[in-house]
1. Among the residues of the range 161-200, how many are closer than 23 Å to G303 by Cα and under 20 Å from the mean Cα position of the chain (by Cα)?
2. If only one of L427, L416 is open to solvent by less than 20 Å² (accessible area, probe 1.4 Å) and either more than 18 Å from the chain's Cα centre (by Cα) or not aromatic (F, W, Y) (or both), which one is it?
3. Provide a single number: the residues in the range 367-404 that are within 30 Å of P456 (Cβ to Cβ) and touching an Asp or Glu at 6+ places or on another chain (Cβ under 7 Å).
4. Just to check your reading of the model, which residue among L31, L22, L43 is within 24 Å of T377 (Cβ to Cβ), open to solvent by 30 Å² or more (accessible area, probe 1.4 Å) and touching a residue at least 24 places away in the same chain (Cβ under 8 Å)?
5. Would you mind finding the one in K490, K454, K482 that is within 28 Å of L200 (Cβ to Cβ), open to solvent by 20 Å² or more (accessible area, probe 1.4 Å), free of Cβ contacts under 8 Å to residues at least 40 places away in the same chain and not hydrophobic (A, V, I, L, M, F, W, C)?
6. For the subset of the range 46-66 comprising residues that are within 27 Å of L129 (Cα to Cα) and among the acidic types (D, E), which member is least open to solvent (accessible area, probe 1.4 Å)?
7. Scan the range 179-191 for residues that are buried (at least 19 other Cβ atoms within 10 Å of the Cβ) and not acidic (D, E) and jot them down.
Amino acid sequence: AWHSYYFKSSTLYDEYFENHFLPQGGAYVYLQGLHGGPRDFSLYTVPMTYLDPELAREMLEYVLRWMRPSGELAYSGSGYGRLGGAVVHNRPSDHYLFILWAITEYIFATRDFKFLERKVPFYPREKGLFSTVAERMKLSLNFLFEEIGFGEHGLLKVGDGDWNDGISLMVPNRSRFLKHGESVFNSALALYVLPRVIDLFREMDSNFCKILQKRLESLRKACLDSWNGRWFYRAWDGGGNPVGGGNLFLEPVPWLLLSKDLPEKIAEKLLENVYEILDRPSPFGQYLVYPPLRTFLNYLEKGWDVNGGVWFAMNFLLTWAYGLYDPKKAWNSLLKNSMAHHAELYPNIWYGIWSGPDAYNADYAKRPGETYYHLPTPTTDFPVMNLNLHANFLTALIKLCGVEPDAEGLTITPKLPFHNFRLKTPLVELEMREYEIEGSYSPMCSGPFCLKVKKPSYWPHQIRCYINGNLVKYDLVDSIIKVNLNVDGKFRFRIVHIAP
């Protein structure tokens, strides 16, 4: 409840773009004066879809108003309508996939398919150029595939950052990496995002979907080829050498697991190593990489920032991914990344109790449990009000409760190690009891809808399904209870196990 309140109460308004938005906050906004970037705005839109769908839609428009007619998205904004690359981030490569994830989550969850037809101005707005959201999505992918492009290993290129803004400092030749480096993170994220875009456009543009399907198949092979027997490489350095051969990086792991494309034995081995190397040794959260690397000019202290620090944006994605394989690990991960746990471990650090930064120093590093400091981003000087802490906790919690929207409707597959819980958001309410599942759903638009609920394994007998109190028919396919209906506003559902 606190995360939800604090998250929503951080909303600001941008006069130039004429949109409310959720800032990244922390030192980035309140010291540097920068708003950024589209990846963070997208991460925030996902949970806001469930808390306030109208604000989520406005957030999506805000990000799309940052796009130029070429499809390029800026890294950061400042002042009145000024966009740029924050000096060293003129060619980030991951924003296009993050915004596509956020758009599909919003549309699938709210059923607001008309959002695809909404016209949004390009940047700068003074030129008066517009396109629809659907056209923007295609433009994003075209820019990603043609301008960012692919490397010699078939992976998407990394540019000067792919969520990890410091990744280019972890290679021998930075200039070569900026031109030719490849990102396993981007490619893994694409494995999760592209099938969702295909499902969204399947009936609107079959040729476009065929192109995406071919890209998806080639990226799937390229990602699997980056497996080294213990974990996946983080990147390729542009000179034919892998990044992460002796260092386990967390970033690509959640997306590879969430894509469900990994062979069972590879997934098991990967999870084992992630837990033993990044998770279990850390008293708080998980390390972003271990062992840490020696960076360019020793710019990143070992165990700080992206060189082995503890990052909420990635840790809560791992929490969600854990749920597919081990609900107990998933729940423990959620608690391990909580503010309460940090406060118990580090009672003399004032921040991290009601709010905090986006990352903490590892327990083995200098100043453990505090946040990082370097000249461009002295996070210690403003170590609170970063929304990654609040937004990503909510995303992980919603996903562990099993809420998964798709093109057909809503799937509920709880990933928690206990039977009884209650989730209440304006969009979805869900109450799980041992022999009863009850809830409500409030779509923004009417139309055909499929409700899918995972049948608990300990329900061996007859099941009855009710919609708005009326008994309805259902299909049971691979332990999934499926109810097809036409929705017109909010409805309630109830599924009961009837013992003989």
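The values are calculated or read from the model by the stated rules, or taken from the named source; none is laboratory data. Not measured: the values here are computed from a predicted model. Backbone-built Cβ (ideal geometry, glycine too); neighbour counts: all protein chains shown. For accessibility, only protein heavy atoms count, side chains too; no ligands or nucleic acids. Shrake-Rupley method; radii C 1.70, N 1.55, O 1.52, S 1.80 Å.
1. 10
2. L427
3. Total meeting the criteria: 0.
4. When all the criteria are applied, what remains is L31.
5. Among K490, K454, K482, only K482 is within 28 Å of L200 (Cβ to Cβ), open to solvent by 20 Å² or more (accessible area, probe 1.4 Å), free of Cβ contacts under 8 Å to residues at least 40 places away in the same chain and not hydrophobic (A, V, I, L, M, F, W, C).
6. First, the residues of the range 46-66 that are within 27 Å of L129 (Cα to Cα): 53-66.
Within this subset, residues satisfying the condition of being among the acidic types (D, E) are 54, 58, 61.
Values: E54: 98, E58: 48, E61: 13 Å².
So, considering only residues that are within 27 Å of L129 (Cα to Cα) and among the acidic types (D, E), the one least open to solvent (accessible area, probe 1.4 Å) is E61.
7. G181, S183, V184, F185, N186, S187, A188, L189, A190, L191
Quick grid of which residues meet (1) among the hydrophobic types (A, V, I, L, M, F, W, C); (2) free of Cβ contacts under 8 Å to residues at least 12 places away in the same chain; (3) closer than 24 Å to S338 by Cβ:
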{"residue": "P405", "(1), (2), (3)": "no, no, no"}
{"residue": "Y435", "(1), (2), (3)": "no, no, no"}
{"residue": "M444", "(1), (2), (3)": "yes, no, no"}
{"residue": "C465", "(1), (2), (3)": "yes, no, no"}
{"residue": "L471", "(1), (2), (3)": "yes, yes, no"}
